Structure formats: C-alpha cells, structure tokens
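Since every read-out is calculated from the coordinates, none of them should be taken as a lab result. Keep in mind the model is a prediction, meaning the values are calculated, not measured. Here the Cβ is made from the backbone with ideal geometry for all residues, glycine too, and neighbour counts use every protein chain on show.
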Amino acid sequence: MSDTQRRSSTRARANQTRTIHGQAAFLRAFARCGNVLRAAQAAAVGRRTVYTWLEEDAAFKRLYDEAHEDAIDRLEEEARRRAHDGVLEPVYQGGRKVGAIKKYSDALLVFLLKGKRPDTFRERTEVSVRATLEEVLTASRQGGGEARR
C-alpha cells in the first residue's frame with residue numbers, strides 16, 4: 001500500500017469515526033429536546049448534515065425515529081405532570097411575593113384523555129334527519145326550502 005493510499009484510508013476512518021460520534025451526540029440531544037436544530041447545535045454538527053444522514057443512512061434513520069419517540073414521550077410526561085400534579089405559580093401582593101398557588105391544566109388533561117381514550121372522550125356530533133324522500137324532493141323543487149313533517 002502506498003503512502004497516499006494509507007493517508008486516504010486513515011482520513012476515511014477518521015471521518016467515519018467523527019460521523020459516528022456526531023450522530024451519537026446528536027441522537028442523545030435530540031431525544032432530550034426533540035428539536036433538530038437545537039440538537040445539531042449541541043452535537044456541533046450542521047442541521048443539513050443531519051438531514052443527509054437521514055436520507056443516506058437507514059440505521060441512523062431508525063435510531064432517529066426512536067429518539068423522536070423518546071422526545072415525544074418526554075413531552076407527554078411533562079403534559080401529564082402539569083395536568084395531574086400541577087405547577088406552583090407565585091402569588092404577589094403589593095409587588096412582593098407572598099406565596100404560591102398550585103395550578104392544574106384542564107386543557108392538557110382533556111388532550112391527554114382524548115389521545116389515550118378517543119372512543120370515550122372524542123367530540124361527537126349527531127345529525128338527525130326526519131323526512132321522507134318525497135318531502136325532500138318536493139322541498140328541493142320548491143327552491144331548496146326545508147322539508148317539514
């Protein structure tokens with residue numbers, strides 16, 4: 001093997017090692033924050049580089065999808081905490097903090113229930129039509145008025 005080939009091979013291994021370390025750092029950060037730009041910055045890689053990895057590396061894409069699910073799980077966990085456990089909000093009187101009150105998020109609770117039990121908590125709309133076909137046809141011939149019973 002010539003010196004040129006050896007240097008080229010060494011450079012390729014170094015690039016591959018940098019890529020593996022960059023991907024791992026990105027995936028760790030992405031699982032925590034769920035934001036590609038923020039995770040890329042934390043891993044010191046370009047955002048466009050991440051999208052190239054996603055297009056060209058099936059193994060990275062699978063790991064990315066897992067990290068994305070982890071990030072979504074963290075969001076759900078935080079929503080559940082705010083809905084169920086509540087958060088302390090400071091109470092001020094005369095410009096001074098005098099205490100705190102625990103507030104819960106009913107909106108988050110509703111979203112969680114709709115997501116986990118859609119059959120029970122989905123919004124329902126019922127439409128009831130009571131007219132014979134003849135009444136509907138007659139009403140439409142008379143200018144679109146409502147059929148009456």
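Some values worked out for this structure:
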item: C-alpha center-to-center spacing [segment 31-85, segment 89-107] in angstrom; result: 33 Å
item: Mean separation of Cα contacts under 8 Å, 6 or more apart, over the residue count of the chain: relative contact order %; result: 12 percent
item: Gain upon complete extension [Glu69, Ala24; 0.36 nm per residue less C-alpha separation]; result: 14.6 nm
item: 10 Å Cβ shell holding at most 14 others, DSSP loop, GluC sites (Glu not before Pro): longest site-free stretch of the chain; result: 1-122
item: Cα gyration tensor shape for the chain, rounded if a/c is under 1.5, else prolate or oblate; result: oblate
item: Spin-label pair Arg13/Glu126, simplified geometry with 7 Å Cα→Cβ offset, distance in nm; result: 7.3 nm
item: Estimated distance in nm for a label pair at Arg32 and Val110, the labels positioned 7 Å out from Cα along Cα-to-Cβ; result: 3.5 nm
item: Net charge of Cβ neighbours under 10 Å - reference Ala39; Lys, Arg +1; Asp, Glu -1; result: +4
item: Ranked list, fewest to most other Cβ atoms within 10 Å of each Cβ, for Leu109, Leu37; result: Leu37, Leu109
item: Inter-site label distance for Thr138 and Gln41 at 7 Å from Cα along Cβ, in nm; result: 7.1 nm
